[in-house]
Every structure is written in structure tokens, then in C-alpha cells.
1. Being crowded, with 16+ Cβ neighbours inside 10 Å and part of a loop (DSSP other than H, G, I, E, B) is true for just one of Phe113, Phe103, Phe120. Which residue is that?
2. With the requirement that a residue be touching a residue at least 24 places away in the same chain (Cβ under 8 Å) and either within 10 Å of Ile11 (Cα to Cα) or not in a loop (DSSP other than H, G, I, E, B) (or both), what does the range 54-77 give you?
3. How do the pairs read when you match residues in the range 1-15 that are part of a strand (DSSP E or B) with residues anywhere that are at pLDDT below 95, using Cβ under 7 Å and keeping only pairs 6 or more apart or on different chains?
4. I'm trying to understand the selection: among the residues of the range 138-163, which are among the charged types (D, E, K, R), touching a residue at least 12 places away in the same chain (Cβ under 8 Å) and outside any strand (DSSP E or B)?
5. Quick check on the range 24-32. Is at least one of its residues under 11 Å from Lys12 (Cα atoms) and either assigned to a loop (DSSP other than H, G, I, E, B) or of a type in the set (Val, Ile, Thr) (or both)?
6. I'd like the full set of residues that are surrounded by fewer than 18 Cβ atoms within 10 Å (Cβ to Cβ), of a type in the set (D, E, K, R) and closer than 20 Å to Lys61 by Cβ, limited to the range 7-26.
7. Just for the range 139-158: of the residues that are at pLDDT 95 or above and touching a helix residue (DSSP H, G or I) at 6+ places or on another chain (Cβ under 9 Å), which one is farthest from Lys27 (Cα to Cα)?
Amino acid sequence: METERLIIDKIKETDKEDYYLNIPHDKKVLETFICPYEETLEDFDFSRYPGRENILAIRLKDTGRLIGVLTLFGEEEDSCEIGYGIGSRYWNQGYTTEAVQRFLEYLMQEKGFRTVYASFFTGNEASKRVMEKCGMTYDRFSEKELTYLGVERDLIYYVIHKE
């Protein structure tokens, strides 16, 4: 998949350092994206990511460098849930909205999903804006749905339906 500035594809063995720097080692990202913190690149077990169908790389088209990820889970007959995380140095540049919009188009037009959900921790206004810019609307509030980083977290779900 491509957008004006991005390529969305499978994670490769050569993405280890970029993945590490932009996701599990970026403490700002880990406040909003569920992933264990990784202290060192050497100790980071990257082996479970390359080639997976449900975690895709978000890459800058001009460099090919991985700057974030898109996730797909909770697949049912005609619905699924997505997640996304992007390195904090790439925030507020429209990359996340661009990637999520293209991913939603792919899931609905090419994969045949009729309903796609996404959620964010209460207080994460940036993620809420991404969802709204992509045409998603409020679906429900889920109080204390999970414990992350030792804190019970409320989630707000957004949804988009294929027209």
C-alpha cells in the first residue's frame, strides 16, 4: 500500500533498529501504544515481528525507514479492530492520519470488512483526532478495560462502517 508520503508493508528483518527506536524504546509512544519497554537494542527480541500479516510497517516513502506500525486484530466475519503507533519524533506531521486512512480503505475495499473499530486511552486527544479525520465516529466508552503500566485504563472506542 502507498500514500503520497508513505509505504505500508510487512516488517522486514532489517527494520529492527527503526522499530526499536520508534516503538518499544520511545517512552512517549508507550504512553499511548501497548507494548513493553525495551531498554537496549541488543536485548530486544525482534524475531516475532518480521513477516507477520497483522502488524505492518509505516515507512517514509523517500527513505524506506520504518517510523511506525499498524496492527490488525479481533477479526470476525465482517469486522475487525486496528491499532497504530508512530515514533514521537514523527508526531503532528499528518503521517498517522495518512497511514490510518489508507489502512481503512484497504481493509474495507480490498479485505471486505464492513466495520472497523479502534480505541484509545482516555486523554489521548491526538489519537481521537486521527480517528475523526479518518471518518470514524464515537462508539462506546469502556471503563477500566485493561491494566497497562500498572494503571487501570479506560478506553474510548471509535468505529467506521462501510457505506
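1. Phe113
2. If the condition is that a residue be touching a residue at least 24 places away in the same chain (Cβ under 8 Å) and either within 10 Å of Ile11 (Cα to Cα) or not in a loop (DSSP other than H, G, I, E, B) (or both), then Ile55, Leu56, Ala57, Ile58, Arg59, Leu60, Leu66, Ile67, Gly68, Val69, Leu70, Leu72 are the ones that fit.
3. Taking only residues 6 or more apart or on different chains, the pairs are Lys10/Gly51.
4. Lys162
5. Checked the range 24-32: no residue is under 11 Å from Lys12 (Cα atoms) and either assigned to a loop (DSSP other than H, G, I, E, B) or of a type in the set (Val, Ile, Thr) (or both).
6. Answer for the range 7-26, where residues must be surrounded by fewer than 18 Cβ atoms within 10 Å (Cβ to Cβ), of a type in the set (D, E, K, R) and closer than 20 Å to Lys61 by Cβ: Asp9, Lys10, Lys12, Glu17.
7. Looking at the filtered set, the residue picked out is Tyr158.
The values are calculated or read from the model by the stated rules, or taken from the named source; none is laboratory data. Here the structure is a predicted model, which means the values were calculated and not measured. Because the Cβ atoms are built from the backbone with ideal geometry, glycine has one as well, and the counts that use them run over all protein chains shown.
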